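The values are calculated or read from the model by the stated rules, or taken from the named source; none is laboratory data. Note that the structure is a prediction, hence the values are computed from the model and not measured. Cβ placement follows ideal geometry from the backbone for every residue including glycine, while neighbour counts extend to all protein chains displayed. To get the accessible areas, we keep the full protein, side chains included, count just its heavy atoms, and leave off ligands, DNA and RNA. Shrake-Rupley method; radii C 1.70, N 1.55, O 1.52, S 1.80 Å.
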Amino acid sequence: MCLAVLASFGILLAPSFYASGAELDEGTLLTYPMRVLDGAFPQRDFETFYGPGTPVMLAGTYAVLGPSVGLERTIGMGFKILAILAIF
């Protein structure tokens with residue numbers, strides 16, 4: 001039952017994976033983690049509207065898999081599915 005709910009929400013969220021987001025949001029989620037990999041820390045070395053966890057977590061995944069828009073959107077979709085699962 002739970003897997004069926006997750007699969008249905010994954011299908012419903014699939015079009016948002018291919019649609020571009022707001023330029024400011026996608027740009028910051030691609031560049032801030034790269035700054036973290038260069039040694040900068042959010043809120044201390046650069047201003048961000050997000051908490052420090054998101055750029056640091058994305059920096060870890062970018063270090064392992066390489067930075068890309070597809071990876072950033074996949075992680076975002078994973079966050080959405082986790083939130084739906086938590087509500088369910």
**Study point:** Near-label residues of the range 53-88 by backbone N, under 14 Å of a point 7 Å along Cα→Cβ of residue 8
**Key:** 85, 88
Revision key, fill the gap. In a Gaussian network model of the chain with springs linking alpha carbons closer than 10 Å, the residue among 29, 12, 71 that fluctuates most is 12
Point to revise | MRE, 222 nm, helices only [DSSP H, n ≥ 4, -39500 (n - 2.57), over the chain, to nearest 500] | key: -24000 deg cm²/dmol
Practice item. Amide H neighbours of residue 46 under 5 Å, at least 5 residues apart or on other chains, H built in the peptide plane: list them. Key: 41
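Over the chain, what is the relative contact order in whole percent, taking alpha-carbon pairs under 8 Å and six or more residues apart? Mind dumping the intermediate values first?
Details: 43 pairs, mean separation 31.4, N = 88.
After rounding, I find 36 percent.
Per residue, how much accessible surface does the chain expose to a 1.4 Å probe? Answer in Å², no decimals.
On the way: 5740 Å² over 88 residues.
With all protein chains present, the chain gives 65 Å² per residue.
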